[in-house]
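The values are calculated or read from the model by the stated rules, or taken from the named source; none is laboratory data. Computed from a prediction, not measured in an experiment: that's the story for all the values here. Every residue, glycine among them, receives a Cβ derived from its backbone with ideal geometry; neighbour counts consider all protein chains shown. Please note that ligands, DNA and RNA were not included when accessible areas were found on the heavy atoms of the full protein model with its side chains. Shrake-Rupley method; radii C 1.70, N 1.55, O 1.52, S 1.80 Å.
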Amino acid sequence: MLTPLVSVLLELCESPQAVTHLLRWSGERDASAPQLLLHIWRREEEQTGVSRDPHGMITDVKRPIVSRHQDESSSSSSSHDVSAAVRDVSENLRANIYCIFCKLGFERLSGLSAEDHVTLSIIHRYLDFKLCEVVQELWSEAAPVVPSDEAALKSVLQVSEATAESVRSLQQSILGQRQQQELQEEQRLYSEIRFTHKQREIAADAWKSYVARTSNYSVLKEFRRLREERSTSEHDAASDAETNEPAPLTV
């Protein structure tokens with residue numbers, strides 16, 4: 001049911017009101033619609049064998065979205081079959097998810113994790129990468145092209161590779177920011193733990209002092225002497241202050 005549901009959702013997104021409702025929707029564990037779509041995208045890539053590193057980053061800048069299933073289809077198809085790059089559009093949900101995000105937008109999507117932003121950066125450039133796939137198939141099939149078209153195709157490949165490099169740099173930046181935030185959170189947690197231990201030590205020292213004063217007569221006597229001296233000094237200071245006050249003027 002997932003394929004027809006995503007297709008219907010894409011059709012509903014033609015209405016601006018539906019897009020507004022979709023952005024407000026939340027499911028189990030408060031997951032938003034963009035989060036759910038990004039999860040489906042990652043599942044599609046995993047099932048079709050797209051090369052990603054453990055963090056979901058691009059590993060091959062020359063073939064950033066090509067799946068293992070496409071490679072197998074290309075090797076087994078004849079010259080009269082539909083292009084594997086084009087057939088891939090209808091065989092999984094990635095194209096529909098890309099179109100939905102074109103309606104939702106790629107910025108100001110709340111509630112996304114670092115992993116979600118890494119995936120979103122790939123979806124944002126899906127059409128550019130798909131065009132690169134088509135060009136690569138033309139080269140692999142040795143399709144005859146005129147010199148001007150050949151220069152244009154080479155330019156497309158260079159731009160696509162540069163785009164993939166740029167996306168991967170963005171992904172590294174996203175993950176770096178997440179690691180920095182985790183480090184800051186860890187340091188804050190350690191600071192709270194140290195503060196808690198310090199307070200416990202202060203409380204334990206105060207309790208030991210109290211026990212020593214109430215259990216040992218000599219310590220209690222010394223404590224009383226110090227308290228009386230402090231009280232006497234404070235009283236003398238207050239008396240001196242009153243004595244030094246100027247007398248009120250009389251008319």
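Summary table
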quantity: Accessible area per residue in Å² at 1.4 Å probe, computed on the chain; calculated: 69 Å²
quantity: For region 189-212 versus region 1-42, the gap between their alpha-carbon centres in whole angstrom; calculated: 52 Å
quantity: Efficiency of FRET from Cβ geometry, E192 and L220, R₀ 51 Å, rounded to 0.05; calculated: 0.90
quantity: Counted charge near G49, where neighbours are those whose Cβ lies closer than 11 Å (Asp, Glu -1; Lys, Arg +1); calculated: -3
quantity: Local electrostatic count at A143 - Lys and Arg +1, Asp and Glu -1, tallied over other residues with Cβ under 12 Å; calculated: -4
quantity: Lysine pairs within the chain, Cα separation less than 28 Å, 8 or more sequence positions apart or different chains; calculated: 7
quantity: Whole-Hz ³J(HN,Hα) from phi, Karplus 6.51 cos²θ - 1.76 cosθ + 1.60, for region 41-50, glycine and proline x; calculated: 4, 5, 5, 4, 5, 5, 5, 8, x, 6
quantity: Matching label, Rg and Dmax of the Cα atoms in Å computed from the structure shown, candidates (1) 16.8, 49; (2) 35.4, 121; (3) 22.3, 84; calculated: (2)
quantity: Relative contact order for region 75-185, counting Cα pairs under 8 Å that sit 6 or more residues apart, in percent; calculated: 36 percent
quantity: Chain lengthening between E115 and A18 when straightened (0.36 nm per residue, less Cα-Cα); calculated: 32.3 nm
quantity: In sequence order, calculated HN-Hα J values of region 17-28 (Karplus, 6.51, -1.76, 1.60; Hz; x Gly/Pro); calculated: 5, 5, 4, 4, 5, 5, 5, 8, 5, 9, x, 4
quantity: Rounded to the nearest 20 debye, dipole of the chain from Cβ charges on Lys, Arg, Asp, Glu; calculated: 780 debye
quantity: For the chain: relative contact order, % (alpha-carbon pairs under 8 angstrom, 6 or more apart); calculated: 19 percent
quantity: Region 24-130 shape via C-alpha gyration tensor axes, a/c threshold 1.5; calculated: prolate
quantity: Among S218, G27, A142 - extreme Cα towards positive end, dipole of the chain, charges at beta-carbon; calculated: S218
quantity: Carbon plus sulfur fraction of accessible area for the chain, probe 1.4 Å, in percent; calculated: 54 percent
quantity: Phi to ³J(HN,Hα) by Karplus 6.51 cos²θ - 1.76 cosθ + 1.60 over region 115-123, Hz, x for Gly, Pro; calculated: 4, 5, 5, 4, 5, 4, 5, 6, 4
